[in-house]
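Report on the following structure.
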Amino acid sequence: MLERRPKNGEIYRHFKGGLYRIETIAVHTETGEELVVYQALYGDFKMYARPLAMFVSETDRGKYLDAGQRYRFERVETETAGAASAPEREPVPAAEGNGTRTADGSGRETVHPKLMEFLDADRMEDKYNILVSMRDCVTDTMINTMAVVLDVVIPEGELAERYDQLKICIRTKQRYEIERP
């Protein structure tokens, strides 16, 4: 279990597809059991706690026959800005998941740094500017992830059209965003 122990700030994908950021490992005050505290990177960004043993456990194949990954939660590696610029690490669209796969043949799934920046942005104006900067590297998978985070539906279709629809959604949300101190 120690080799799969999550660390603060790491991003994990649940076998059902959602992305989560590890906040900390907590200790239950009564039982001493270790709990993973993590936050959803979509929807209303809820915080969750789950026993460490359950977090690192294998997916129940008897209950979830179509589960696409071995473990309940699997770490998703984030690219560093320097690694993303190297030709052998240039991102290519992922067949599944919420990021991109590296072209170096490693098979490790990574999350594009611009997508992570989008997920971390607090204001709609910031999200819009990040999306505009992603025009040349955005993929359908990225649009799907961003749409889930914004709680909007972007219908399937041409990539450029979906990109424009997402921009319109963000601009609309931006008009109604209230500045909080």
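Between their Cα atoms, which of 114/173; 63/167; 7/127; 16/173; 63/114 are more than 32 Å away from each other?
Values: 114/173 20 Å; 63/167 39 Å; 7/127 26 Å; 16/173 27 Å; 63/114 35 Å.
Violating the 32 Å Cα-Cα cut-off are 63/167; 63/114.
Just the number, please: carbon plus sulfur as a percent of the accessible area of the range 1-48, 1.4 Å probe, no ligands or DNA/RNA counted. Numbers along the way, then the final one.
Details: 1460 of 2830 Å².
Roughly 52 percent of what the probe reaches on the range 1-48 is carbon or sulfur.
The values are calculated or read from the model by the stated rules, or taken from the named source; none is laboratory data. These figures come from a predicted structure and were not determined experimentally. Surface areas here come from the heavy atoms of the whole protein model, side chains and all, with no ligands, DNA or RNA. Shrake-Rupley method; radii C 1.70, N 1.55, O 1.52, S 1.80 Å.
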